[in-house]
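Trainee: What follows is a structure written as structure tokens; I'll ask about it next.
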Amino acid sequence: MSESPAIDPTKIREVLAHKHGRPLVSCCWDPRDRFICFGAENSAAEGYDDLLFRLALASAGTPDAVVPCTGGHDSWAWSLAIAPDGATLVSGGYDGRLCWYDLAAAAPRAARAIAAHDGWVRCVRISPDGRWVASCGNDRLVRVWNVADGSEVSRLSGHESHVYHVAWRPDGSALVSCDLKGVVKEWDAAGGACRRDLATAAPLWTYDKQFRADIGGARAMTFRADGAQLALGGMTKVTNAFAGVGQPLVVVLDWTGGEPRLVEAKNSGNGVTWGVAWHPAGFWIGLAGGGGGGWLRFFKPDAADDFHAFKLPANGRCMALAPDATRVAVGMADGSLRVYALHA
Amino acid sequence: MARTTNPACRSLEHVVSRRSIVHGFGAFGGAAGLAGIAGHGLGLCGGLAASTAIAETVRAGGKRVLVIFLHGGVSQLESWDPKPGTDTGGPFRAIPTSVPGVHVSELLPHTARQMHRLSIIRSLDTRNGDHARGQREMTSGRDQPAPLDYPHLGAVVARTSAPAGFSLPGHILVRGGGGGAGTSAYLGPRYAGVVMEDGQPPAHTARPDALSAEADRRRSLLRSRMNDRFAGRRRTADTDAYTQSYDQALDLLEQRHVFDVTRESQRDQDRYGPHEFGRHCLLARRLLEHGVPFVQVNHSNYDTHHENFDFHIEQLGEFDRPFATLIDDLTIRGLLDDTLVCVMSEFGRTPRINDRYGRDHWGTAWSVVLGGAGLQRGAVIGRTNANGTAVEDRPVDHGHLFHTILRGVGVDSHGTFHVAGRDHPIADPAKGPIDELLA
């Protein structure tokens, strides 16, 4: 058994660049480290089967490494989740559907597709024990489903605007959700009750008076491994919503309460934090993308600023950490999926 | 009072200008021709029978134009010319409409059911990506006009379609963001746009609280007597115009309720929805029912360089239901036959989706929607290619659109205005109407 390399984000380097061609919108790393799945903007050439793909890491770079996951969505697959045992991929799309795939099948085809939300499904996340999948969307609902058969477990209502993200606490004790206006709710996933509203992530939301529109929401949300903190990614200090003029932001909430801590990307220009992940070596990773280009940012739990930032070759739109935490994958607007090693 | 009857104050321009200052707007004319309509209590009861009867009265007065201006440039791909399944199509699907074979974006489910009353032009090629120029071109029908060169469509309609004796403003902008009032250029301030900022009544149309009705009446009587005395010795066309402007203003103050959308029934207010654009659409219906020849409602904003899809969900989510309700109401009330409706922007948005999920400015191949009055319904004019990057059939621009709108309300768009000794072509003489869209 090989020894794990020493993690050092300042030594970050590209180890894989898969050129898909169409801009990517979502990605997810197989917990068994065999595949990375990704969603892309659809194209005329391939029709609706050109939406969701599986990249086999062992054969990356060969013509057979990528296969489409077909028969599910008829719009972009915006959010992906893979069960802890690596058996099942669940995707949520702009079409309001959740689709189930046998991840390891030679040619994955949707085994189940359900109309889960009225409008865009913005996030799907599978519980740590692999039993349930939570979804949320523009119908202001959070819904919980059985991974095994797609039956509904609970329907959680209470948000008053589009629900942008959901996350399971690592011990499975709670499900949280965040909406367009930064309202964060903790739910009893089985019973359907809202337990509490956490400290609001209000800095993630702005009503632009000139353009008369809301901009905000958690574009990324995840717990620290010990469940003590919840990190939410988005945009703040918006001065022109429609041009995307604002700062990428990560809001860190303590699970036990207290004021939220704001970690702004001070040196990466305008943009949105599209991805956030906790690294077991003791730091957060944030993915920023926008007018200021794409950046991976690294910051400590108690710090207000990055200890390192890495400029990407294009705008990053989605991010996934490898199960062994040695690499991070970024789906990009230039149609590439790039993998970076977090060590020398 | 002494200043207002100063014989040195002779120019008509000065008279009009002062009138504008005193009353906050200067675009009304004639006597209180719609006093009878006000007397019917339109909108107070929301009764359809009463409204229909009034609609017949209004129809006798002339045709009207309603422009819904989607400021910032609505995406044709997320509205009237969807291209799902293409590299430019974005994530939204197309849905069928009430016209067999015609589809629009799934973001417009209510409007889709009204499309048999409307037509789509999918072949606008205006060759422009500048906001200010786009606003001027689309509302003046001219190529690259300077700001004050040509009158706004509203001024032209007010000049050509306001019935004799019409005492309300003929050209009203209900501004919910976006650009300001349209210019009347050589037509004079009488036809300039009157702004209802955020749907509020025009400024200075209410009697100040400190002035009692009786004091106001006595003050007007004194002014009238002094005017008469002055006119007996030095009457001119200018003094007549000046006197008339005050009488008109008084008539208008009597009709201030026309601008009050809260007088519409609660049921109607609920149908149009609680948000700003819903209130403004209901206000537009109210103004049209009172015979206002030109109403423009701005809806802001669609300039979605960033997260185009999020913002179009939000903005078209506001637009769809009130607009569809308005079209339905105009039809049921018998007003659509005499009211031309146009949904326009300054331009469309790029087929290419940028790296921030945005779409940028694009005037090369985009769409507008028209309906009512003398236009065909349920038609689709022109065609773009498979992924919307070019016009393939029947390219038209703002000039053709301007002619078509005017022809649709019975105006000879190849005619001229004769103003101050000069002839001004009403529309661009180099262009003409889209004949196949005319009924």
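Trainee: Find all pairs meeting these conditions: Cβ atoms under 8 angstrom apart; at least six residues apart or on different chains; first residue within the stretch B:167-192 and at positive phi; second residue in a strand (DSSP E or B) and hydroxyl-bearing (Ser, Thr, Tyr).
Mentor: Qualifying pairs under 8 Å: B:Gly177/B:Ser300; B:Gly178/B:Ser300.
Trainee: Does the stretch B:144-158 hold any residues that are surrounded by fewer than 17 Cβ atoms within 10 Å (Cβ to Cβ) and in contact (Cβ under 8 Å) with a residue 24 or more places away in the chain, and which are they? Step through it out loud before you land on a result.
Mentor: Our first condition is that a residue be surrounded by fewer than 17 Cβ atoms within 10 Å (Cβ to Cβ); within the stretch B:144-158, this holds for B:144, B:146-149.
Selection gives B:Pro147, B:Leu148, B:Asp149.
Trainee: Counting only residues that are buried (at least 24 other Cβ atoms within 10 Å of the Cβ) and within 13 Å of chain B (Cβ to nearest Cβ), how many does the stretch A:286-329 have?
Mentor: Of the residues in the stretch A:286-329, 8 are buried (at least 24 other Cβ atoms within 10 Å of the Cβ) and within 13 Å of chain B (Cβ to nearest Cβ).
Trainee: Still on this structure: Scan the stretch B:315-352 residue by residue and report those that are of a type in the set (D, E, K, R), within 14 Å of another protein chain (Cβ to nearest Cβ) and closer than 16 Å to B:Thr111 by Cβ.
Mentor: Residues satisfying the conditions are B:Glu318, B:Asp320.
Trainee: Of all residues in the stretch B:286-307 being within 13 Å of another protein chain (Cβ to nearest Cβ) and of a type in the set (S, T, N, Q), which is nearest to the chain's Cα centre (by Cα)? Give the steps one after another, and end with the answer.
Mentor: Kept after step one, since they are within 13 Å of another protein chain (Cβ to nearest Cβ), are these residues of the stretch B:286-307: B:298-307.
Then drop every residue that is not of a type in the set (S, T, N, Q), which leaves B:298, B:300-301, B:304.
Details: B:Asn298: 9, B:Ser300: 15, B:Asn301: 17, B:Thr304: 24 Å.
Top of the filtered list is B:Asn298.
Trainee: Could you tell me how many of the residues in the stretch A:39-93 are modelled with pLDDT under 95, within 20 Å of A:Trp274 (Cα to Cα) and away from chain B (no Cβ under 14 Å)?
Mentor: So the answer is 0.
Trainee: Please report, ordered by residue number, the strands (runs of 3 or more DSSP E) entirely within the stretch A:294-341 with at least 2 residues that are over 18 Å from the mean Cα position of the chain (by Cα) and not acidic (Asp, Glu).
Mentor: So the answer is A:308-311.
Trainee: Taking the stretch A:227-270 only, how many residues are of a type in the set (A, V, I, L, M, F, W, C), over 15 Å from A:Ala303 (Cβ atoms) and in a strand (DSSP E or B)?
Mentor: First, the residues of the stretch A:227-270 that are of a type in the set (A, V, I, L, M, F, W, C): A:228, A:230-232, A:235, A:238, A:241-243, A:245, A:249-253, A:255, A:262-263, A:265.
After this cut, where a residue has to be over 15 Å from A:Ala303 (Cβ atoms) as well, the list is A:228, A:230, A:232, A:235, A:238, A:241-243, A:245, A:253, A:255.
Restricting the remaining residues to those that are in a strand (DSSP E or B) gives A:230, A:232, A:235, A:238, A:245, A:253.
Number satisfying all stated conditions: 6.
Trainee: B:Asn354 fails exactly one of the following numbered conditions: (1) within 25 Å of B:Ala132 (Cα to Cα); (2) within 24 Å of the chain's Cα centre (by Cα); (3) surrounded by fewer than 23 Cβ atoms within 10 Å (Cβ to Cβ); (4) not acidic (Asp, Glu). What is the number of that condition?
Mentor: (2)
Trainee: Okay, next question. (1) touching a Ser or Thr at 6+ places or on another chain (Cβ under 8 Å); (2) closer than 21 Å to A:Cys318 by Cα: which one isn't true of A:Ala228, the others all being true?
Mentor: The one condition A:Ala228 does not meet is (2).
Yes or no, residue by residue, for (1) at pLDDT 95 or above; (2) part of a strand (DSSP E or B); (3) under 21 Å from the mean Cα position of the chain (by Cα):
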site: A:Thr10; (1), (2), (3): yes, no, no
site: A:Val25; (1), (2), (3): yes, yes, yes
site: A:Pro31; (1), (2), (3): yes, no, yes
site: A:Cys37; (1), (2), (3): yes, yes, yes
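Trainee: So, one more: Among the numbered criteria (1) part of a loop (DSSP other than H, G, I, E, B); (2) touching a residue at least 60 places away in the same chain (Cβ under 8 Å), which one does A:Ala190 miss?
Mentor: Of everything listed in (1) part of a loop (DSSP other than H, G, I, E, B); (2) touching a residue at least 60 places away in the same chain (Cβ under 8 Å), A:Ala190 misses just condition (2).
Trainee: Still on this structure, please answer the following. Which count do you get for residues in the stretch B:304-350 that are farther than 24 Å from B:Leu283 by Cβ and either of a type in the set (A, V, I, L, M) or not in a helix (DSSP H, G or I) (or both)?
Mentor: 9
The values are calculated or read from the model by the stated rules, or taken from the named source; none is laboratory data. Bear in mind the structure is a predicted one, so any value in this text is a computation, not a measurement. Quick reminder, even Gly has a Cβ in these numbers, built from the backbone with ideal geometry, and neighbours come from all protein chains shown.
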